[in-house]
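K.L.:
This structure is in structure tokens; I'll ask about it shortly.
Derivation of every value follows stated rules applied to the coordinates shown; laboratory data play no part. Only a predicted model underlies this, so the values are computations on that prediction, with no experimental measurement involved. Using ideal geometry, Cβ is built from the backbone for each residue, glycine included, and neighbour counts are taken over all protein chains shown.
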Amino acid sequence: MGGALLVWAFFAVVAGGPFRGLDGTAAVLNAAAPLGILAVAVALLMIGGEFDLSVGSIVGLSGMAVLLLTRHWGWPLWPALGVSAVLAAGAGLVNGWLVVRTGLPSFIVTLGTLFVFRGLTIGSARGLTGRTQLGGLGETPGYEAASWLLGSQPLGPLRVSIAWWLAVVVLGTWVLLRTPWGNWIQAAGGGAESARRAGVPVARVKIALFVSTALAAWLVAVMQAVRYTGTDALRGQMQEFHAIAAAVIGGTLLTGGYGSAVGAAIGALVFAMVQQGIVITGVDADWFQVFLGAVLLAAVLFNGWVRRRALSAG
Amino acid sequence: MRYGRVEALERVSFSVRAGETTCLLGDNGAGKSTLVRILTGVDRPTAGEIRVDGERVEFESPRAARDRGIAVVHQDLGLVPLLSAWRNFFLGAEPTRGQGPLRRIDVRRAAAIAQAETAAMGVELEDPDRPVATLSGGERQAVAIARALHFGARVLVLDEPTAALGVRQSATLLEQVRRARERGVGIVLVTHNPHHALPVGDRFVVLRRGRVAAQLTAGDASAPRLESLMAGEGP
């Protein structure tokens, strides 16, 4: 939390008025929302002891599914949304089942599915339509309602995706801290063997977490597709790393067993602040990655230091 | 008990009584772990039988053994280090309140019970919210034992409990075993260290190479005698 304030203060001074004002703040929040949704789901999975590197590819896959169903096969929008959600959940199930069955590190498994899902997205788009960029979603029946729910700007420059982000954070925090499932998630990541002995269905918990990251990816994909009335086979690329970075900046342990949804949300906020701050300051956008890496490393070191202090103060 | 062609345990017979501590002694490879696995339902014996309350039973799984009141606390204590004491205490058995989507853990009740049960083992947890990694070895063991007792253990198997404890904390183990006995629990203390077994045990079963080398009562047992029995020298 303190780190986030520091970053904000830094840019408030350096970038000045445009950053501090309503437009700047709105730009930051709008940018943070989709990443924030992914980050919360990814954080929960990391707390449960696993990684999902295929999240970005599932974003691309979900968006492309919606566009192909509606524009290539003429479906109305809402059934297409439903089917693409099922497809995304299926992708999550594949991830979860592979990790649990093979016992391989999820890092490796989802690295593989990252390519498989992305390949499926590009291949099906080009194979069916000859293009990798599809548009025209605005003409689909059912678009207006979807646009209002997923792509509108209800409060000035603030987008509705921010409300969805907030809902995801609240849901994630509730599940993690107040439900038995949340206890099981923390135990699965922090002591899987002890959890199993206590009767926690660790495999089932992990599979459910993979499905939840996939559905978070679907939500982000659908919001983007509705907003831009189209999609691109490369949509979501790199998002998995940004989401993991946001979760880690927000205090989630890479080794599992510890972290928070709120922390991941703050991490996404920091990320967006750096992103927008650089744009506003006029610094060459290429330096964004340098900045990002530096912030990430600093956050991990800081979090590690705080945790060591907390654990030794006993 | 035969694994393939290896006779891991042969003609081993002993009993556990309520309120009594039976120490299972033996060097590495003597068959202690095999016996513990059979007692706790992890493995099924290839010959012989288990009786609870005089009635013959078979455990198809660890859960079946636990339902019959046989609980085991392993060397690692079965705790999740970053979780708090109350979360560990109720892991897999979280008390809830509310219905449907609003069903949530009854945090207040969970923390209160965990605190009370651990206090009954002689350890005061000032803050049941702190990760158990911040507790001392003896305090963590109290949490693990209190958990087993709370969930209905009638036989408590302690597997090498002193292996990870220091000298002073071994004394707290003594205290915890004493309190468990007072509640009428039968204790099986598995160890390779006779010095830790002597202050605690009522009866001593010494295993050597899969067989019972001797069964002694507290009066007959001494450290040198137990050591030589474990090593295979003399009666």
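K.L.:
Taking the dipole about the Cα centre of the protein assembly as shown, with the C-beta of Lys and Arg at +1 and of Asp and Glu at -1, give me whichever of B:Leu91, A:Gly199, A:Phe291 is farthest to the positive side.
P.N.:
A:Gly199
K.L.:
Of A:Met238, B:Met1, how do they rank once you tally other Cβ atoms within 10 Å and put the fewest first?
P.N.:
A:Met238, B:Met1
K.L.:
Could you calculate the FRET efficiency of A:Val116 with A:Trp174 from 1/(1 + (r/R0)^6), where r is the beta carbon distance between them and R0 is 41 Å, rounded to 0.05?
P.N.:
0.80
K.L.:
What is the fewest-to-most order of A:Ile244, A:Ile122 by other Cβ atoms lying within 10 Å of their Cβ?
P.N.:
Values: A:Ile244 25, A:Ile122 17.
With the fewest neighbours first, A:Ile244, A:Ile122 line up as A:Ile122, A:Ile244.
K.L.:
Would you mind getting me the FRET efficiency between A:Leu158 and B:Glu10? Use the beta-carbon distance for r and R0 = 60 Å, nearest 0.05.
P.N.:
With R0 = 60 Å, the Cβ-Cβ based efficiency is 0.20.
K.L.:
Can you classify the protein assembly as shown as rounded, prolate or oblate using the Cα gyration tensor, where a ≥ b ≥ c are the square roots of its eigenvalues, rounded means a/c under 1.5, and otherwise it's prolate if a/b beats b/c and oblate if not? Working shown, then result.
P.N.:
Values: a/c = 2.89, a/b = 2.16, b/c = 1.34.
Verdict is prolate for the protein assembly as shown.
K.L.:
Also: Can you give me the C-alpha center-to-center distance between segment B:2-52 and segment A:235-272, rounded to a whole angstrom?
P.N.:
49
K.L.:
Order of B:Arg11, A:Arg71 from fewest to most other C-beta atoms within 10 Å?
P.N.:
Lowest to highest Cβ neighbour count: B:Arg11, A:Arg71.
K.L.:
Among B:Gln176, B:Gly29, B:Ala112, whose Cα lies farthest out toward the positive end of the dipole of chain B, if unit charges sit on the beta carbon of Lys, Arg (+1) and Asp, Glu (-1)?
P.N.:
Working it through, the farthest residue towards the positive pole turns out to be B:Ala112.
K.L.:
Chain B: longest stretch without exposed GluC sites (Glu not before Pro) (DSSP loop, at most 11 other Cβ within 10 Å), sites themselves excluded?
P.N.:
Longest site-free region, per DSSP loop and neighbour criteria: B:127-232.
K.L.:
Karplus couplings for segment B:192-205 from phi (6.51 cos²θ - 1.76 cosθ + 1.60, θ = phi - 60°), rounded to Hz, Gly and Pro as x?
P.N.:
Result, rounded to whole Hz: 10, 10, x, 5, 7, 6, 4, x, 9, x, 9, 9, 10, 10.
K.L.:
Something else now. Under the rule of -39500 (n - 2.57) per DSSP H run of 4 or more residues, summed and divided by the residues of chain A, what mean residue ellipticity at 222 nm is obtained, to the nearest 500 deg cm²/dmol?
P.N.:
Dividing the helical sum by the residues of chain A leaves -24500 deg cm²/dmol.
K.L.:
Which residue, B:Gln215, B:Gln99, B:Gln141, has the most motion in a Gaussian network model of chain B that connects Cα atoms within less than 10 Å?
P.N.:
Of B:Gln215, B:Gln99, B:Gln141, the most mobile in the Gaussian network model is B:Gln99.
K.L.:
Along the charge dipole of the protein assembly as shown, Cβ charges K/R +1 and D/E -1, which of B:Asn193, A:Ala216, A:Gly127 sits furthest on the positive end?
P.N.:
The residue sitting most towards the positive pole is B:Asn193.
K.L.:
Relative to the first principal axis of the alpha-carbon coordinates of chain B, what is the inclination of helix B:167-182, with its axis defined by its Cα atoms, in degrees from 0 to 90 and to the nearest 10?
P.N.:
80
K.L.:
For chain A, what class follows from the C-alpha gyration tensor (a ≥ b ≥ c being the square roots of its eigenvalues): rounded when a/c is under 1.5, otherwise prolate if a/b is larger than b/c, else oblate?
P.N.:
It comes out oblate by the Cα gyration axes.
K.L.:
Next question, about the same structure. Using unit Cβ charges (K, R positive; D, E negative) and no other charged atoms, how large, in debye to the nearest 20, is the dipole of segment B:74-223 about its Cα centre?
P.N.:
Details: 19 positive and 15 negative charges, 87 e Å.
That gives a dipole near 420 debye.
K.L.:
Using unit Cβ charges (K, R positive; D, E negative) and no other charged atoms, how large, in debye to the nearest 20, is the dipole of the protein assembly as shown about its Cα centre?
P.N.:
620
K.L.:
How large is ³J(HN,Hα) for each residue in segment A:81-87, as worked out from phi by the Karplus curve 6.51 cos²θ - 1.76 cosθ + 1.60 (θ = phi - 60°), to whole Hz, x for Gly and Pro?
P.N.:
4, x, 5, 5, 5, 4, 4
K.L.:
Between the alpha-carbon centers of segment A:133-163 and segment A:281-309, tell me the distance in whole angstrom.
P.N.:
Centre-to-centre (Cα) distance: 33 Å.
K.L.:
About the Cα centre of segment A:190-314, what is the dipole size in debye to 20, counting +1 per Lys and Arg Cβ and -1 per Asp and Glu Cβ, all else neutral? Each step should come with its number before you reach the end.
P.N.:
Working: 9 positive and 5 negative charges, 134 e Å.
Computed about the Cα centre, the dipole is about 640 debye.
K.L.:
Short version: ³J(HN,Hα) in whole Hz for each residue of segment B:18-28, in order, from phi by Karplus 6.51 cos²θ - 1.76 cosθ + 1.60 (θ = phi - 60°), x for Gly and Pro, what are they?
P.N.:
Working through the residues one at a time gives 4, x, 10, 10, 9, 9, 9, 10, x, 6, 5 Hz.
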